[in-house]
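Asks: One structure, as structure tokens, below. Some questions next.
Read the figures in this text as sums done on the coordinates, not as results from a lab. Treat the numbers as computed from the prediction; the structure is a model and nothing was measured. No Cβ is skipped: glycine too gets one built from the backbone with ideal geometry, and neighbour counts run over all protein chains shown.
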Amino acid sequence: MQRGKHRAAGQRRGEASLAPWWTRVRAMLAGCLVLGVGATLTLAAWTDQEHVSASFATSTFNIEGSADGSTFASHPSGSPASLTFTPSSLALSPGSTVYAKYVIRKGAADAPGTVQLGGGATAGDSSLASALRYGVKTLSGTNPVCNESTYAASSAIVVAANSTLGTGSTTNQSLQDGGGNRVEVTYCFAITLPSPQSDTLQGKGATATWVFTGTSSS
């Protein structure tokens with residue numbers, strides 16, 4: 001009888017020790033079943049792509065000038081264009097005024113911009129350079145003449161009359177394309193030797209060099 005009790009107790013202990021193992025197996029199988037069901041519900045999606053690219057380049061900007069309004073070229077530092085004055089600027093007398101034009105435009109394929117006249121740098125006889133006075137206006141029209149009458153008729157002042165040669169403009173002028181053509185800005189210079197002057201200025205010579213500075217706007 002006692003032996004039967006021990007056998008029953010051992011059987012119960014064996015069953016108790018097997019129970020956690022079977023429970024773990026069933027949990028693993030259930031997990032696999034869940035994973036399998038999830039896999040059957042996951043659908044593959046179609047994909048496609050669109051690609052874009054861009055190219056980049058810089059613009060160019062250049063200004064060129066002409067003393068006669070017909071032949072244009074670039075004139076770098078050290079190689080300035082020569083203004084042609086009427087009457088001649090090489091035979092000034094006290095009270096005389098001489099006139100010369102200069103035309104500025106941008107390069108044909110260049111960006112638009114503006115141009116501004118700087119003050120003149122003088123060389124030669126300093127007393128003559130200090131005595132000279134000038135003014136600058138812009139003239140309208142195509143390749144206009146710069147003389148006493150056209151200068152007087154213009155109200156577009158760039159440099160006020162009776163300024164020293166070293167005085168520059170405080171405003172700029174537009175260099176745009178208009179009507180398929182490049183806009184040309186015609187400057188009319190008026191240089192005066194005021195009267196009276198000292199006789200010591202006779203036979204003296206001086207030069208002035210002005211710089212037009214162009215700035216692109218795009």
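Asks: Considering region 90-101 alone, what residues qualify as being in contact with a Leu (Cβ under 6 Å, 6 or more places away or on another chain) and buried (at least 16 other Cβ atoms within 10 Å of the Cβ)?
Replies: Answer for region 90-101, where residues must be in contact with a Leu (Cβ under 6 Å, 6 or more places away or on another chain) and buried (at least 16 other Cβ atoms within 10 Å of the Cβ): L92, A100.
Asks: Here's something else I'd like to know. In the set T215, T192, T200, T171, which member is in contact with a helix residue (DSSP H, G or I) (Cβ under 9 Å, 6 or more places away or on another chain) and either without any contact (Cβ under 8 Å) to a residue 40 or more places away in the chain or on the phi < 0 side of the Ramachandran plot (or both)?
Replies: Details: T215 fails: in contact with a helix residue (DSSP H, G or I) (Cβ under 9 Å, 6 or more places away or on another chain); T192 fails: in contact with a helix residue (DSSP H, G or I) (Cβ under 9 Å, 6 or more places away or on another chain); T171 fails: in contact with a helix residue (DSSP H, G or I) (Cβ under 9 Å, 6 or more places away or on another chain).
One residue alone meets the criteria, T200.
Asks: From T213, T150, T171, which residue is of a type in the set (V, I, T), surrounded by 11 or more Cβ atoms within 10 Å (Cβ to Cβ) and assigned to a strand (DSSP E or B)?
Replies: T213 is the lone residue from the list that is of a type in the set (V, I, T), surrounded by 11 or more Cβ atoms within 10 Å (Cβ to Cβ) and assigned to a strand (DSSP E or B).
Asks: Oh, and also: Taking S126 as the residue in question, decide whether it is under 19 Å from S93 (Cβ atoms) and surrounded by fewer than 18 Cβ atoms within 10 Å (Cβ to Cβ).
Replies: Details: under 19 Å from S93 (Cβ atoms): no; surrounded by fewer than 18 Cβ atoms within 10 Å (Cβ to Cβ): yes.
It is false that S126 is under 19 Å from S93 (Cβ atoms) and surrounded by fewer than 18 Cβ atoms within 10 Å (Cβ to Cβ).
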